4 protein chains.
Amino acid sequence: MADLVRTGVSLERELLKRFDKVIGRKGYQNRSKAIRDIIRELIVEEDTDENKIVAGTLTMVYDHHRPNLADKLIEAQHHAGSKVLAATHVHLSHDYCLEVVIMKGRSEDLRRLGDQILSLRGVKHGRLVITTTGKNLK
Amino acid sequence: MADLVRTGVSLERELLKRFDKVIGRKGYQNRSKAIRDIIRELIVEEDTDENKIVAGTLTMVYDHHRPNLADKLIEAQHHAGSKVLAATHVHLSHDYCLEVVIMKGRSEDLRRLGDQILSLRGVKHGRLVITTTGKNLK
Amino acid sequence: MADLVRTGVSLERELLKRFDKVIGRKGYQNRSKAIRDIIRELIVEEDTDENKIVAGTLTMVYDHHRPNLADKLIEAQHHAGSKVLAATHVHLSHDYCLEVVIMKGRSEDLRRLGDQILSLRGVKHGRLVITTTGKNLK
Amino acid sequence: MADLVRTGVSLERELLKRFDKVIGRKGYQNRSKAIRDIIRELIVEEDTDENKIVAGTLTMVYDHHRPNLADKLIEAQHHAGSKVLAATHVHLSHDYCLEVVIMKGRSEDLRRLGDQILSLRGVKHGRLVITTTGKNLK
């Protein structure tokens, strides 16, 4: 804790106001601690050895009326082969589906598959959650 | 974009170094833009009206040898009633399971269920992903 | 048991031979009892009031290379609306997927959705399992 | 088709009446064809080499209030190891859950796991569907 450094960020006043509201609700006393925590969280999520075997889920919401999108999603998952363990799909509304893909494999491969799927047109929102298996869990 | 303000964060030198490495790999040119993006992402995730109907997934990894944990997970999900749409389970290893719970309901209720499940002993890692449905998607 | 009647069936000799082998392995002493049991099972599965609310699963194996099949499967499920609770998909091989659709609704509607999906070209094998909820379970 | 043989079955008059009703609704013109079809279906399901690799699903409905049942279900699935690909769970009512376990492995092993799970107290109804993969599909 001794060796602290300081860095800064410029952002829209409106964004900062909403950020303060969110972190206040979460019980933070000051902004610095809150930013430090989300930086740390990003690192936990991203700073894994690319060759490490991890488990992960990819949550996405998509418009099932978009032609060929379901075909492309299946295709991308099949192409990824044994990295995709299962996918579960629910129908949220007349237009939207939510699908969660469960994966296991090299961290690098899971990220690539995530990026590939989330970039498909018609996929509205998506989020990759990486976790680890066995004793490295924390 | 006009009305920019500046704020700062103090953090361990080591943490900042790892952060720079991660954002470099993600293609960021500077720290300010990266911090702004994760702040924005937090807001999208957190700054929802508590009564708004959202969809979400809860990813968790747990030790299935922990006595009664499976019973408690089922119990918590049943107690949440119609907010839980489905849960999919895969077996990661001799000891660990990964389970994803798909939910829809008031944002506040999903967060509460997430917190409750993640606080159970034996649940090693968990992450709630909140998304929205319909035209508020972005 | 008193009021027994007798009915018959004509079938290929080869089919009968395989049937005898299967029921022998299952421990049946005679054909009549085995046929009676599968007739009874069919009735349990089929002879439900069309308006009764039941739960069911539809298991299917399909060739994911068939163009537009994934789109049609999603479309059929969405069209069925709230009757489809969730669907889980695994990748069996380079060519084949297995998907299980979990449903709840009027027995008649579940059967119709099952028939509709199983008749799509590229769906190789499928089976609807109907079960009941609550105290009618047996 | 040439080499037809005839066999018979004795059954309760009431059962036969219900059978006729069911097959009538399914569009059968005569009983013999209907019995032949369910015999054929049984053979497709059962007459697999015990060592053949097949895919299957196990659908079950259970009372989640039964103590330790969820633990036992997880335990049985983990013990089966890589034969269990995924399991999806929905909450049918205050008391009952429906779970579908997706499996791949030796036909014999899948049947054994199915029998073991369906014999647990609190599991109300269950059904194993065996299908095959690749070119043996019909």
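Since every read-out is calculated from the coordinates, none of them should be taken as a lab result. Everything quoted here is computed from the prediction, not taken from an experiment. Here Cβ is always computed from backbone atoms with ideal geometry, including for glycine, and neighbour counts include all displayed protein chains.
Work out the length of the dipole vector of the protein assembly as shown about its Cα centre, built from +1 on the beta-carbon of each Lys and Arg and -1 on the beta-carbon of each Asp and Glu, and round it to the nearest 20 debye.
40 debye
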Measuring from label point to label point, each 7 Å out along Cα→Cβ, what is the C:Asn68 to A:His94 span in nm? 2.3 nm
Reported to two decimal places, what Rg/Rh ratio describes chain C when computed on Cα atoms with Rh from the Kirkwood expression? 1.05
Cα centroid of segment D:74-138 to Cα centroid of segment C:31-71, whole Å: 16 Å
What a careful reader reports for the chain C Cβ nearest the rotation axis onto chain B, distance rounded to whole angstrom, is C:Ala86, 2
Checking A:Leu58, A:Leu11, A:Leu73 against a Gaussian network model of chain A (alpha-carbon springs below 10 Å), the top fluctuating residue turns out to be A:Leu11
Determine the calculated [θ] at 222 nm for chain D from helices alone, applying -39500 (n - 2.57) to every DSSP H run no shorter than 4 residues and normalising by the residue count; nearest 500 deg cm²/dmol. -12000 deg cm²/dmol
Roughly how big is chain C's charge dipole about its Cα centre, with Cβ charges of +1 (Lys, Arg) and -1 (Asp, Glu), in debye to the nearest 20? 580 debye
Cα-based helix-to-principal-axis angle, B:69-79 vs chain B, degrees rounded to 10: 80 degrees
Extending each Cα 7 Å along its Cβ direction at B:Asp3 and C:Arg40, get the distance between those two points in nm, one decimal. 7.7 nm
Quickly work out the D:Ser10-to-A:His79 label distance, labels modelled 7 Å from Cα along the C-beta direction, and quote it in nm with one decimal. 6.4 nm
Remind me, relative contact order of chain D in percent, using alpha carbon pairs under 8 angstrom and six or more residues apart? 31 percent
Normalised alpha carbon radius of gyration of the protein assembly as shown [divisor 2.2 N^0.38 Å]: 1.10
Sparse-neighbourhood loop sites, trypsin sites (Lys or Arg not before Pro) in segment A:25-128 - DSSP loop, at most 14 other Cβ within 10 angstrom: A:Lys26, A:Lys52, A:Arg121
Exactly which GluC sites (Glu not before Pro) in segment A:1-60 are in a DSSP loop and have at most 13 other Cβ atoms within 10 Å? A:Glu50
If you build a Gaussian network model of chain B, linking Cα atoms that sit under 10 Å apart, which residue out of B:Asn30, B:Asn51, B:Asn68 swings the most? B:Asn30
